[in-house]
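These notes concern the structure reproduced below.
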Amino acid sequence: MMVTRKVKTASILQIFLKYFILIFFAFWTILPLVSCIITSLKNTEEYQSTSVMVLPKLLYFKNFLEAFTLAGMGRAFLNSFVVLVFVLSGSILISSQLAYILNRFKFPGNTLIRRLFLFATLLPGVAMQVSVYSIMGKLGLINHLYGYIIMMMGTDVISIYIFIQFMENISVSLDESAVIDGASYFKIYWNIILPLLKPATVTSLILKGVSCYNEYYCANLYLQDVKIRTVAISLYTFTGPLGNKYNLICAGVIISMIPAFIVFILCQKQIYSGITSGAVKG
Amino acid sequence: MNIRKINLRYSKWVIILAFITLPLFLLFTFTYLPFGEMVTYSFYKMKYIGERTFVGLKNYKDLFTRDDIFNSLKLSLYYMGGSVVQLVLALLLATLLSFKTKLGNLFKGILFFPFLINGIAIGFIFKFFFTHGFVFDTVLSWVGFPVESLPYWLKTQGLNNVSLVGTSVWRYLGQNMVLFIGAIMSVDSELYEAAELDGASKVQQFFHIILPSIKTIVTLNIILSITGSLSAFEPPFVITKGANGTGTYFIIMDQVAHTSQKVGLASAMAVFLLLIIFVVTIIQKLVLKYAFRNADTGSGKGDIL
């Protein structure tokens, strides 16, 4: 039994075990990424002649350039950037406005609208693409960047949820005194509510931004044209005849991860709190 | 004063209409309209373009008689197994990290980062990782397994699914862990201090304080993993393309809809997935109700939407 053992040895053992476990899992988490970095720095000859875990003799950065041009990533980054700007600003405005209405006004239909949005979370987004695809076709939205942007804006219940939750803690007396001062409801939303929602906006921007940047399935369905490919699709170019050139592939993979990595380094805290608050809903 | 009141009422409705029209329009166009269409499609034999014929419940019968679909349902058991392993590991790591740890934030960050990588990149990384004689085999050879004795991780039937599930655990473990750390942190720290004073060991603290207070979120995650298991997509899509019995429900659905254009059958698959999600949600609601009655977890805010 633990009790009979001397406390000190037990706790040293515990500490050893704890760090052993942490290092073990951190090792397996990092390993695939490290091997990818190693490989991306070898030229083709060295890649073919050495084992994958042997460090490169000299760093060969040309792979990054080659992968970047081969997959048309310049264009893809531009497209992803455009998509992000519009989807994020659009969905932040739309969902904060809806949250404002649902939280601040009593009117017949308020509960119904909440229920409609809540029910929508249950519908499996990607599975629904079977029929969304035919609607997008009828609306002429396939193969246009704006079509994809509109579709991506329309499906964001999590942000609405985060905003409503946040707004419950913003005192109504702020609105009331503004009304007495003669401010219009739009002014109240724009000058009082929206600025106060900033922490929630940041959280929702980061989470939505990362998932939008990483989104592959719908992008691939609706953005077939080479000119309008996003980063996630452009990466898929490497499956074809390039399938064995892992030094190039790894370079491409790393390039595609850089934006997410930067966001992660800068906004760790917000990401963690976003994960935790988004999960309450389940 | 009266005129002002009327004005307010009027502008109230203006702002309501101005702010809800667009979201409702988008919700209708991209959620409810396709939902209705999908249910309708599921009773037809049809392609995206051209004639359609009513076939009744035939598509639903096909779900269980077509081998590829039925196999993909069985396959999701692998993923469910994987998510149980994932939850246990996430719980373990979260518990370790919620006590004072040197470099705790670094460990947390490392373990979490895979969640932010796009699925296609993960696919490539692990295709490379598991290829015979590559990363995984090399590391195993360091600890004494000769490469020749190792199996083909992505080709051997059965084993390939374990490899793919491993990939998915790698991807989501950190996210689960962060979730659990959040839940553990919300436990009143006085409880630990009191337990410490009473001489409770860390293991005892885990079973008597941590686990009871986060059991709701753990149960929710177990239930959620059922739908997650059916929706696994990108990594198998890149790594094996669904070959050798690795086609998950989603991959098969995608093939049925967009490669062979059996839109009716694909719709039936989607509707079936939806039914599973309904059942899971009802179970989840019951669990929540049960949990709220028995434990004082959560803020008890309930349905905000």
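The values are calculated or read from the model by the stated rules, or taken from the named source; none is laboratory data. These figures come from a predicted structure and were not determined experimentally. Neighbour counts are summed over all protein chains in view; Cβ atoms, including those assigned to glycine, are modelled from backbone coordinates with ideal geometry.
Against the list (1) more than 13 Å from chain B (Cβ to nearest Cβ); (2) surrounded by 13 or more Cβ atoms within 10 Å (Cβ to Cβ); (3) more than 27 Å from the chain's Cα centre (by Cα), the condition residue A:88 fails is (3). Consider residue A:148 carefully, then state whether it is out of contact with any Pro (no Cβ under 9 Å at 6 or more places or on another chain), more than 7 Å from every other protein chain (Cβ to nearest Cβ) and at pLDDT 90 or above. Answer is yes for this residue.
Of the residues that make up the stretch A:210-219, is at least one within 23 Å of the chain's Cα centre (by Cα), of a type outside the set (D, E, K, R), within 10 Å of another protein chain (Cβ to nearest Cβ) and surrounded by fewer than 20 Cβ atoms within 10 Å (Cβ to Cβ)? Looking through the stretch A:210-219, at least one residue is within 23 Å of the chain's Cα centre (by Cα), of a type outside the set (D, E, K, R), within 10 Å of another protein chain (Cβ to nearest Cβ) and surrounded by fewer than 20 Cβ atoms within 10 Å (Cβ to Cβ).
This table checks each residue for (1) assigned by TED's automatic domain parsing to the domain that holds residue A:199; (2) under 30 Å from residue B:277 (Cα atoms); (3) touching a Leu at 6+ places or on another chain (Cβ under 9 Å).
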| position | (1), (2), (3) |
| --- | --- |
| A:224 | yes, no, no |
| A:247 | no, no, yes |
| A:250 | no, no, yes |
| A:262 | no, no, no |
| A:268 | no, no, no |
| A:272 | no, yes, no |
| A:275 | no, yes, yes |
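Among the residues of the stretch B:263-277, the one identified as more than 9 Å from every other protein chain (Cβ to nearest Cβ) and without any contact (Cβ under 8 Å) to a residue 40 or more places away in the chain is B:275. Against the test of being surrounded by fewer than 19 Cβ atoms within 10 Å (Cβ to Cβ) and either at the interface with chain A (Cβ under 8 Å from one of its Cβ atoms) or within 21 Å of residue A:48 (Cα to Cα) (or both), the options B:133, B:144, B:119 yield a single qualifying residue, B:133. Residue B:3 passes every criterion in (1) part of a helix (DSSP H, G or I); (2) in contact with a Gly (Cβ under 9 Å, 6 or more places away or on another chain) apart from (2). Could you check the stretch A:124-154 and list, in sequence order, the residues that are assigned to a loop (DSSP other than H, G, I, E, B), under 24 Å from residue B:275 (Cα atoms) and either in contact with a Phe, Trp or Tyr (Cβ under 6 Å, 6 or more places away or on another chain) or of a type in the set (Lys, Arg) (or both)? Correct list: A:126, A:154. Restricting B:197, B:220 to those that are of a type outside the set (Lys, Arg) and more than 8 Å from chain A (Cβ to nearest Cβ) reduces the list to B:197.
State yes or no: is residue A:53 aliphatic (A, V, I, L, M), without any contact (Cβ under 8 Å) to a residue 60 or more places away in the chain and touching a helix residue (DSSP H, G or I) at 6+ places or on another chain (Cβ under 9 Å)? Against the criterion (aliphatic (A, V, I, L, M), without any contact (Cβ under 8 Å) to a residue 60 or more places away in the chain and touching a helix residue (DSSP H, G or I) at 6+ places or on another chain (Cβ under 9 Å)), residue A:53 qualifies. When the residues of the stretch A:155-202 are filtered to those that are crowded, with 19+ Cβ neighbours inside 10 Å and part of a loop (DSSP other than H, G, I, E, B), which remaining residue is nearest to the other protein chains (Cβ to nearest Cβ)? Once the filter is applied, the top-ranked residue is A:155. Can you say whether residue B:281 is within 11 Å of another protein chain (Cβ to nearest Cβ), within 30 Å of residue B:100 (Cβ to Cβ), of a type in the set (Val, Ile, Thr) and in contact with a helix residue (DSSP H, G or I) (Cβ under 8 Å, 6 or more places away or on another chain), as far as the supplied structure shows? For residue B:281, the condition - within 11 Å of another protein chain (Cβ to nearest Cβ), within 30 Å of residue B:100 (Cβ to Cβ), of a type in the set (Val, Ile, Thr) and in contact with a helix residue (DSSP H, G or I) (Cβ under 8 Å, 6 or more places away or on another chain) - is not met. Of the residues in the stretch B:64-72, not one is loosely packed, with under 14 Cβ neighbours inside 10 Å, within 14 Å of chain A (Cβ to nearest Cβ) and either within 20 Å of residue A:153 (Cα to Cα) or not small (Gly, Ala, Ser) (or both).
With respect to residue B:8, determine if the residue is within 28 Å of residue A:157 (Cβ to Cβ), facing chain A (nearest Cβ under 9 Å) and surrounded by 11 or more Cβ atoms within 10 Å (Cβ to Cβ).
no
Of all residues in the stretch A:222-265, those being surrounded by 21 or more Cβ atoms within 10 Å (Cβ to Cβ) and either more than 9 Å from chain B (Cβ to nearest Cβ) or aliphatic (A, V, I, L, M) (or both) number 18.
With respect to residue A:97, determine if the residue is loosely packed, with under 15 Cβ neighbours inside 10 Å and either more than 26 Å from residue A:206 (Cα to Cα) or not hydrophobic (A, V, I, L, M, F, W, C) (or both).
no
Counting only helices (runs of 4 or more DSSP H) wholly contained in the stretch B:24-129, the ones carrying 2 or more residues that are over 30 Å from residue A:240 (Cβ atoms) and of a type in the set (Lys, Arg) occupy B:58-65. Among the residues of the stretch A:38-49, those identified as under 9 Å from residue A:247 (Cα atoms) and either in contact with a Pro (Cβ under 7 Å, 6 or more places away or on another chain) or modelled with pLDDT of 95 or more (or both) are A:38, A:41, A:42. Among the residues of the stretch A:31-44, is there at least one that is over 27 Å from residue A:232 (Cβ atoms) and at the interface with chain B (Cβ under 10 Å from one of its Cβ atoms)? Checked the stretch A:31-44: no residue is over 27 Å from residue A:232 (Cβ atoms) and at the interface with chain B (Cβ under 10 Å from one of its Cβ atoms).
Identify all residues within the stretch B:257-280 that are surrounded by fewer than 24 Cβ atoms within 10 Å (Cβ to Cβ) and under 22 Å from the mean Cα position of the chain (by Cα); write none if there are none.
B:271, B:272, B:273, B:274, B:275, B:276, B:277, B:278, B:279, B:280, listed by residue number.
Scanning the stretch B:147-164 for residues that are surrounded by fewer than 17 Cβ atoms within 10 Å (Cβ to Cβ) and either facing another protein chain (nearest Cβ under 8 Å) or assigned to a helix (DSSP H, G or I) (or both) yields B:147, B:148, B:149, B:159, B:162.
Of all the residues in the stretch B:156-199, those that are over 16 Å from residue B:115 (Cβ atoms), modelled with pLDDT of 90 or more and of a type in the set (Gly, Ala, Ser) number 1.
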